[in-house]
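The values are calculated or read from the model by the stated rules, or taken from the named source; none is laboratory data. Note that the coordinates shown come from a computational prediction; the quantities given were computed from them, not determined experimentally. Backbone-built Cβ (ideal geometry, glycine too); neighbour counts: all protein chains shown. With ligands, DNA and RNA removed, areas are computed over all heavy atoms of the protein, side chains included. Shrake-Rupley method; radii C 1.70, N 1.55, O 1.52, S 1.80 Å.
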Amino acid sequence: MKAAGSPDDPLPPRLFKEVFETIAPVVLTLLNNSLTSSVVPVHFKQAVVHPLLKKPGLDSSILSNFRPISKLPFISKILETIVFIQLRFFLDEHNILETFQSGFKSGHSTETALLRVFNDIFISTDAGHSTVLVLLDLTAAFDTVDHEILLSRLEHWVGIRGSALHWFRSYLADRHFCVSLGDFVSSLAPLTSGVPQGSILGPLLFSLYMLPLGLILRKHGVGFHFYADDTQIYLPLKKCDSRAAASLLDCLEDLKLWMSLNFLKLNQEKSEVIVFSPSSPGHAPSVDLGILNHFMKQVVTNVGVTMDLKLDQQISKVVKSSFFQLRKLAKIKPILTQQHFETVMLS
C-alpha cells in the first residue's frame with residue numbers, strides 16, 4: 001500500500017509500515033474485531049479534505065476551481081483493502097460486475113473503453129450506416145449516492161446479507177469530514193450521502209450502485225460503455241430503420257427518470273453528441289434527433305480523447321505535446337549522461 005493517510009494519523013504511514021512487524025498483532029485484532037462485530041470504528045470514518053487548485057493560476061476565489069482531496073486514516077485503508085479483496089473475489093466468482101464498465105477494474109482502462117466504442121462505430125460506418133454517439137456526464141456523481149439505495153443494491157443485486165451487510169451499513173453511517181487549509185482546520189461536518197472520497201471501496205461501491213443502468217440500455221437495444229461515471233451511448237442509424245432515433249430518445253428518457261429516482265443528475269453542459277457518417281464524418285444524416293440536436297458537435301472529448309472519425313485533432317495534440325517534451329529534453333541534453341537520458345526516456 002502507498003504510504004498515504006490522514007494528518008490525524010497517530011503514526012505517519014511510513015513509520016507505521018516500518019514498525020508493522022511489532023504492532024501487527026494489535027492491528028490484526030482490531031481489524032478482525034471490526035469484521036466479526038460488523039462495526040467500523042468512528043475514527044476510521046473521519047476524513048480531512050485539502051482543497052487544491054485544479055490548475056496553477058486559476059482564480060482561488062472561485063470554489064469550483066478547487067478539487068477536494070479527501071484523506072482517510074491509513075489503518076482504515078488497510079481494513080478497506082481486506083474487504084475489497086474479499087468482495088472483488090465474490091463479484092468475479094459470480095460474474096456480477098457490469099461487463100461494459102472499464103472504470104476501477106483490473107485489466108481495463110480508458111483505452112479499453114475507447115477501443116470497443118471505436119470498433120463498433122467503424123463496423124457500422126463500413127457497413128454504410130451512420131452512428132450517433134451520446135456522451136453523458138454526471139454532476140458530482142460519487143457525492144450524491146444514496147446510502148439506503150446502495151445498501152439495497154448490495155443486498156438484492158449483489159447478494160450481500162447478514163453480518164457482511166451490517167458491516168457495510170456501519171461503514172457508510174456516521175461519516176464526517178473537516179476541511180484543512182494552511183494552518184486552519186474547520187469543525188467536523190456529517191457526510192450523509194455519497195461513497196467516501198479517497199477510499200479503497202468507494203469506486204467499487206459506485207459501480208455496484210450503477211448496475212441497473214445496463215439493463216435499461218440493453219432493453220432499448222442501445223450500445224454502451226461506462227468509464228466510472230462517464231457514459232458512452234451509441235446506436236447505428238440504419239437507413240431501413242425509421243425508428244432508430246426514436247428508440248434512442250426513448251432510452252434517454254428512461255435513463256433520466258432512473259437517474260432522478262437514484263439521486264443522480266446529468267451535467268447537460270458537458271453532455272455531447274456526434275454523428276459519424278460514412279460519407280461526411282460529423283454531419284448528421286436526414287434523421288431528426290429531437291432534443292439531441294442541441295448538443296450536436298463536430299468534435300467531442302471522450303474520456304480525455306478528442307474524438308472524430310479520423311482522429312485528426314487528437315493526433316495533432318499528441319504530436320504537439322511530444323515535440324514540446326522533446327524540446328525540453330534537448331535543452332538539458334548537454335548536462336545529461338547516457339544513463340540519465342535512458343532513465344528519463346523509460347519514465
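Checked against (1) touching a residue at least 24 places away in the same chain (Cβ under 8 Å); (2) open to solvent by less than 60 Å² (accessible area, probe 1.4 Å); (3) more than 26 Å from residue 43 (Cα to Cα), residue 112 meets all criteria but (1).
When the range 37-58 is filtered for residues that are touching a strand residue (DSSP E or B) at 6+ places or on another chain (Cβ under 7 Å) and either small (Gly, Ala, Ser) or in a loop (DSSP other than H, G, I, E, B) (or both), the ones remaining, listed by number, are 47, 54.
Pairs meeting the criteria (first residue in the range 248-272 and over 18 Å from residue 223 (Cα atoms) and of a type in the set (A, V, I, L, M), second residue open to solvent by 90 Å² or more (accessible area, probe 1.4 Å) and outside any helix (DSSP H, G or I), beta carbons under 9 Å, at least 6 apart or on different chains) are 259/265. Each residue in the range 100-130 was checked for being under 15 Å from the mean Cα position of the chain (by Cα) and among the hydroxyl-bearing types (Ser, Thr, Tyr), and 5 of them qualify. Number of residues in the range 141-162 that are out of contact with any strand residue (DSSP E or B) (no Cβ under 9 Å at 6 or more places or on another chain), over 14 Å from residue 90 (Cβ atoms) and touching a residue at least 40 places away in the same chain (Cβ under 8 Å): the value is 8.
Filtering the range 111-147 to residues that are in a helix (DSSP H, G or I), farther than 30 Å from residue 260 by Cβ and touching a Phe, Trp or Tyr at 6+ places or on another chain (Cβ under 8 Å) leaves 124, 125.
One residue stands out in the range 10-58 among those that are open to solvent by 70 Å² or more (accessible area, probe 1.4 Å) and hydroxyl-bearing (Ser, Thr, Tyr): the one that is farthest from the chain's Cα centre (by Cα), namely 22. Within the range 29-78, being at pLDDT 95 or above and on the phi > 0 side of the Ramachandran plot holds for one residue alone: 38.
Restricting attention to the range 256-293, and to residues there that are aliphatic (A, V, I, L, M) and part of a loop (DSSP other than H, G, I, E, B), which single residue is modelled with the lowest pLDDT?
Applying the filter and picking the extreme gives 284.
Pairing residues of the range 182-202 that are open to solvent by less than 50 Å² (accessible area, probe 1.4 Å) with residues that are aromatic (Phe, Trp, Tyr) and not in a loop (DSSP other than H, G, I, E, B), at Cβ distances under 7 Å and at least 6 apart in sequence or on separate chains, gives 189/177; 194/142; 195/142; 195/206; 201/84; 202/142. Taking the conditions (1) farther than 26 Å from residue 156 by Cβ; (2) open to solvent by 60 Å² or more (accessible area, probe 1.4 Å) in turn, residue 219 satisfies each one other than (1). For the condition at pLDDT below 90, within 30 Å of residue 290 (Cα to Cα) and loosely packed, with under 15 Cβ neighbours inside 10 Å, residue 126 qualifies. Looking only at the range 59-85, residues that are assigned to a loop (DSSP other than H, G, I, E, B), open to solvent by 60 Å² or more (accessible area, probe 1.4 Å) and of a type outside the set (S, T, N, Q) come to 2 in all.
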